[in-house]
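Reviewing the structure listed below.
The values are calculated or read from the model by the stated rules, or taken from the named source; none is laboratory data. The structure displayed is predicted, hence computed values, not measured ones. Reconstructed Cβ throughout: ideal geometry from the backbone, glycine too, with neighbour counts over all protein chains shown. Surface areas here come from the heavy atoms of the whole protein model, side chains and all, with no ligands, DNA or RNA. Shrake-Rupley method; radii C 1.70, N 1.55, O 1.52, S 1.80 Å.
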Amino acid sequence: PLERHLLFLSMCSDENGGSCGRGNCLKAVHLSERSFAGRSQWRGGILIRHRSFVQASFFGSIVLLLLGCQPFKTVDERDSSSLGIPDVPATFVLQKNSLRVVSFEAKREKLNYIFSGLSTSDASAIESKKIELGAYDFSKGISPDLSWNKEKAEIWLGLLSPICQSGKFQSMYPFPSKADAFIEKAYGRSLNSDDIELKSIITSSLSNNTDRGTVLCLSVLASTEFLTQ
Amino acid sequence: MKWILALLIFMSTPVFGQTQKHYPSSAVSYYLRHLAAQFVGRPLNKSEINLVETKRETAIAEVIENWMKNDFFVKSSRRMLETQLTTSGATSTVDFGLPGNLMEYIVTNKLPLSEIVTANYCVKNGQKTECDSGAPYAAGVLTTKAFLVSNDGRFNLSRAGKMLKQFTCQEYPLEVKLQIPILRERMIPMFQVDESDAGDFGNGVACYRCHSQFGAHAQLFVKFSGEGRYIASATGEQDPNQEMGKSFSGTYTSHLEGSEKSSEASQMFGDEVANLAEAAKVMASNPLFLSCSIRNVLKHFLRVSYIDSKNINEPLLTEISQKILNIEKEPTLNTILLQTLTHPLVIDSVLVSGVKNEI
C-alpha cells in the first residue's frame, strides 16, 4: 500500500464538549502515511469521539475504508537538487516502482539497535513470525518473501505494540523530551519537516504523553522509511 | 622518459568517471542509509552521521570498512550466497547450511572469494571438515550435497546451468570462443541435431547449439547421484527403464557417446580438466568470475534486480575489476565490495535512482 492508514484508539476526557457527554470516552485517532522514495509524509487527526468502544472503533474503521478507496496517487519527481547532486545518467537502475522492504534480519536488528536489545518475550514473538516477515528456509521450500501487505503490516504492528507500550520504551524515549532522539535513532538522520508534522499531529490528537509516545513509536517503526531500503 | 611517464599517467586514468568525485553530505547520507540495511542491519548511528557531515564522500569507504567488521555483515554475506544457490536449513539427510558456512568462513577469515568454488574443504561449526558428497576432491560449494541435491535434474543440466549462472553470470548458449562446442559426432544422437520434435525431453530447438556446451559442463557431474553422493562406478549410460536423462544408481546420463560417457574429464572455457575441482579453478580464474561477483554484490547489497543486474554497463564492470585486481590478485569479498561501492558511477546510480523513484 502506498498510502496507509493507521487507526489508534485512545481514551479521552470530554473537556471539549464532544459527543460523549460526561466522563471519559474513546476517540479514534487517524494517521495517514503517504510514502515516496522510501520517505514518509504524515497527515492525521481525530476521526470520532464516542463513549462506546465498539462505536468509536466501528465508525473509525468505516472512515478508514472510505479513505482507503481513494484513487492511486503518484508523487512528483523530487528535484535532484534536494540531494545536491547534478543530473547524471545512471549506469544501472535500482528497482523502480517497488518498495525494497528490508530483510527479516534487518527488521530485527533495527529494533535491537533502537532498544539496546529486546526482552526475551519480545524477541521470541518476533522470531515466531520470521517467515511472515521475510525470512527463508530453502530446505523447507520457503523462499524469502519481501513483499509488504496489510496482513504483514498487522503482524508487524502486533509485534510492535507491546514494545511501544513497555516501560522500557517509555523510560528510554519519553515524550516529548526524547521524541526527537527516538526519531533520529530510528531513521539514522536528523528530523525533517515531515517528522515535525507527525509529532504535531500526535501532540494535538492525544491528551497524555504516554499515549503520544506509544503512537509515535508505532508510527515510526511501522513507517515505509523504517521498513524499506 | 617523458613519454613513458605520460603513458603511465594515461594508463592509470580510468576509462570514464573520476577517481574522486565530490558529493554533498546529504547525498552521502542518503547513499549510506541505502546501504545500511544489508551491511549492518541498523540505521546510521551518531558517529557515522557526524563523519558524513565532516568528511562527506571520503566517509563512505571508512563507514563501509567499519561495517564489514560487524557480524551482521558476515551473516548478510551468507544470505547473499544462500539466496543465489537457494540452499539453507537442513533435512534429516542433507545439511543445506554447508554452502552458507563456507561463505561465512571465507568472509570472516578474509580469504579469496574464489574459494567459494575452489576450497578443498567444507565448514561446520566454524571449523574445516570433509565435504559430504564423498567425492575424492572438493570444489567448495559445488561438491556439497546442498548444491548437488538442490540442483539435481536430468542430464545434470541444472547443476551445470546453476554453476555457470551464479558464478560467471553466463547462460547457454555461450560465445563459442569462450566455450568450445563438443564435436557433433562425440555426442549422443538426440543432441547432435539442430532441431527435433519436442518429445520426452527439451524444447526441440537449438539442441546442438546449447547442448554442445552444456554437455561439457554437465559431464563434470556425471559421478554425482541425485542424492548428492559420489558414485565412482557411475557410467553415464542411459538407464533404459528410466526417463531420458537418468542413468543407473541415481546418477544422470552423459551427453557423450562411447567410452567418454563415464569419464569426469571435460573442458571448461577452453581448458582441458580432469574433474569438477579443476574445472572450478579454471572458472574462478576467468575474468567473468570477478565481474559476476561484482554483479552479485550489487544485487544483494544494493538490491539491484536480476534483470537490471544483467544490464549493468560492461565497461564499468571492467574498470571496477581492474581496480580490484590492482589491489589483490585473488580478491576478498571485502575488497570487491569496497571498490564497487565507492565507485562514483555506482554512487551516482543509487542517488539518481533514489531521487527519481516514483512509487
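Laid out as a table, the results:
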| quantity | calculated |
| --- | --- |
| Lone qualifier among B:GLU243, B:GLU260 - being open to solvent by 20 Å² or more (accessible area, probe 1.4 Å) and outside any helix (DSSP H, G or I) | B:GLU243 |
| Failed criterion for A:ALA179 (all others in (1) of a type outside the set (Phe, Trp, Tyr); (2) within 29 Å of B:SER47 (Cα to Cα); (3) without any contact (Cβ under 8 Å) to a residue 24 or more places away in the chain hold) | (3) |
| Set B:TYR105, B:TYR137: member being open to solvent by 30 Å² or more (accessible area, probe 1.4 Å), in contact with a helix residue (DSSP H, G or I) (Cβ under 9 Å, 6 or more places away or on another chain) and assigned to a helix (DSSP H, G or I) | B:TYR105 |
| Filter result (in a loop (DSSP other than H, G, I, E, B) and either within 13 Å of chain A (Cβ to nearest Cβ) or of a type in the set (A, V, I, L, M) (or both)) within segment B:58-102 | B:MET68, B:ASN70, B:THR86, B:THR87, B:SER88, B:GLY89, B:THR91, B:SER92, B:THR93, B:VAL94, B:PHE96, B:GLY97 |
| Residue that is without any contact (Cβ under 8 Å) to a residue 24 or more places away in the chain and within 14 Å of chain A (Cβ to nearest Cβ), where the choices are B:SER259, B:SER305 | B:SER305 |
| Sole residue being farther than 25 Å from B:PHE147 by Cα and among the basic types (Lys, Arg), chosen from B:LYS329, B:LYS246, B:LYS261 | B:LYS329 |
| Within segment B:150-199, tally of residues that are part of a loop (DSSP other than H, G, I, E, B), closer than 11 Å to B:PHE214 by Cβ and open to solvent by less than 20 Å² (accessible area, probe 1.4 Å) | 3 |
| Breaking point among (1) out of contact with any strand residue (DSSP E or B) (no Cβ under 8 Å at 6 or more places or on another chain); (2) open to solvent by 10 Å² or more (accessible area, probe 1.4 Å), for B:THR332 | (1) |
| Residue match in segment B:44-51 (condition: touching a Phe, Trp or Tyr at 6+ places or on another chain (Cβ under 9 Å), under 15 Å from A:GLY188 (Cα atoms), at the interface with chain A (Cβ under 10 Å from one of its Cβ atoms) and outside any helix (DSSP H, G or I)) | yes |
| Residue check, B:ALA234 of a type in the set (A, V, I, L, M), modelled with pLDDT under 95 and not in a helix (DSSP H, G or I) | no |
| Test set (1) within 12 Å of chain B (Cβ to nearest Cβ); (2) out of contact with any helix residue (DSSP H, G or I) (no Cβ under 7 Å at 6 or more places or on another chain); (3) open to solvent by less than 50 Å² (accessible area, probe 1.4 Å); (4) of a type in the set (A, V, I, L, M, F, W, C) - A:ILE131 fails condition number | (3) |
| Answer from A:ASP180, A:ASP195, A:ASP211 - the residue that is more than 14 Å from every other protein chain (Cβ to nearest Cβ) and among the acidic types (Asp, Glu) | A:ASP211 |
| Single condition B:GLU272 does not satisfy, out of (1) open to solvent by less than 30 Å² (accessible area, probe 1.4 Å); (2) outside any loop (DSSP other than H, G, I, E, B); (3) away from chain A (no Cβ under 14 Å) | (1) |
| Flag if B:LEU345 is within 7 Å of another protein chain (Cβ to nearest Cβ), among the hydrophobic types (A, V, I, L, M, F, W, C) and open to solvent by less than 10 Å² (accessible area, probe 1.4 Å) | no |
| Failed item in (1) buried (at least 20 other Cβ atoms within 10 Å of the Cβ); (2) within 14 Å of chain A (Cβ to nearest Cβ), with B:GLU319 passing the rest | (1) |
| Where a residue in segment A:201-226 is under 20 Å from B:ALA36 (Cβ atoms) and its partner, wherever it lies, is open to solvent by 20 Å² or more (accessible area, probe 1.4 Å) and at pLDDT 85 or above, with Cβ under 6 Å and at least six apart | A:ALA222/A:LEU157 |
| Selection status of A:SER171, surrounded by fewer than 19 Cβ atoms within 10 Å (Cβ to Cβ), within 14 Å of chain B (Cβ to nearest Cβ) and of a type in the set (Ser, Thr, Tyr) | no |
| Where B:THR54 falls short, out of the listed (1) free of Cβ contacts under 8 Å to residues at least 24 places away in the same chain; (2) part of a helix (DSSP H, G or I); (3) within 12 Å of another protein chain (Cβ to nearest Cβ) | (3) |
